[in-house]
Amino acid sequence: MATHYENGEPMQIRQIAAQQNIPDRYLEQLLATLRRGGIIKSQRGSKGGYLLSREPWKITIYEVLECLEGLDVKVSEETSSIKSVDSAVVDEIWQEACLAANAVLQNYTLQHLCEKRDSRKQLDIMYYI
C-alpha cells in the first residue's frame, strides 16, 4: 500500500494477497486490525479497497507492529511481587532489549521499507547483468 500511496487508488484484498503471497482470510484479519488502529482506511464501492490513512513517511514500523501485536512495552517497577535477584537481572536486561528494539522500529517508516526494498531490487538487477 505504501508503494501505491501516490496514485491514491485503493488496493483490493485479492490484489494485495497476490502481490504479497498472503492468504486472503488472514489478510482480511490484518487489514481489519490496521483499520481499527487508524493505520489504513477502507473505501467502499466498485473501486473500493484499502489505502494508507497517512503518508508512508509518517507511519513508523513501530506503529504498525504496535497495532498488530500490541507492543506496549513499559518499564515496570513492580515491588509488590517478590522476585529473586536472578529474575530481576533478567527482567532488567529484557526491558533494556525491548526499549532498544522499539527505538529502532520507531526510526523506520513504511517509506524507508520501500526505499530499502527498491535499492535491493536494483542491486539484484545489477548482479544479473
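The values are calculated or read from the model by the stated rules, or taken from the named source; none is laboratory data. Because the structure is predicted, anything quoted here is derived from the model rather than measured. Ligands, DNA and RNA are stripped out before the accessible areas are found, and what is left, the full protein with its side chains, is counted by its heavy atoms. Shrake-Rupley method; radii C 1.70, N 1.55, O 1.52, S 1.80 Å.
Relative to the first principal axis of the alpha-carbon coordinates of the chain, what is the inclination of helix 110-128, with its axis defined by its Cα atoms, in degrees from 0 to 90 and to the nearest 10?
70 degrees
What is the percent carbon and sulfur in the accessible area of the chain, measuring with a 1.4 Å probe over the protein chains and ignoring ligands?
Using a 1.4 Å probe with all protein chains present, the chain comes out at 53 percent carbon and sulfur.
Using alpha carbons only, how many degrees (0 to 90, rounded to 10) separate the axis of helix 24-36 from the longest principal axis of the chain?
Value to nearest ten degrees: 70.
How would Y5, Y50 rank on accessible area, largest to smallest, probe 1.4 Å?
Result of the area sort, largest leading: Y5, Y50.
Checking the a/c ratio against 1.5 first, then a/b against b/c, what shape does the Cα gyration tensor give for segment 1-76?
Verdict is prolate for segment 1-76.
Just tell me which lysines come within less than 28 Å, Cα to Cα, of K83; anything on the same chain fewer than 8 places away is out.
Result set, ordered by chain and number: K74.
Give a residue-ordered list of calculated ³J(HN,Hα) values for segment 40-50 (Karplus: 6.51 cos²θ - 1.76 cosθ + 1.60, θ = phi - 60°; whole Hz; x for Gly, Pro).
In residue order, the calculated couplings are 10, 10, 10, 10, 8, x, 5, 9, x, x, 10 Hz.
Tell me what the chain gives for mean residue ellipticity at 222 nm when only DSSP H runs of n ≥ 4 count, each as -39,500 (n - 2.57), the sum divided by the residue total, rounded to 500 deg cm²/dmol.
Mean residue ellipticity at 222 nm (helix-derived): -18000 deg cm²/dmol.
Any idea of T60's accessible area? Nearest 10 Å², probe 1.4 Å.
30 Å²
Using alpha-carbon pairs under 8 Å, 6+ residues apart, how would you state the relative contact order of the chain in percent? If you can, show how the numbers build up before the last one.
Values: 112 pairs, mean separation 33.6, N = 129.
Reported as a whole number, the value is 26 percent.
Amide H of S53: which non-local residues (sequence gap of 5 or more, or other chain) have their own amide H closer than 5 Å, using H built in the peptide plane?
I40, K41
In a solvent-free Debye calculation with one equal scatterer on each Cα, what is log10 I(q)/I(0) for the chain at q = 0.18, 0.19, 0.21, 0.23 Å⁻¹, listed in the order of the q values?
-1.04, -1.11, -1.25, -1.38
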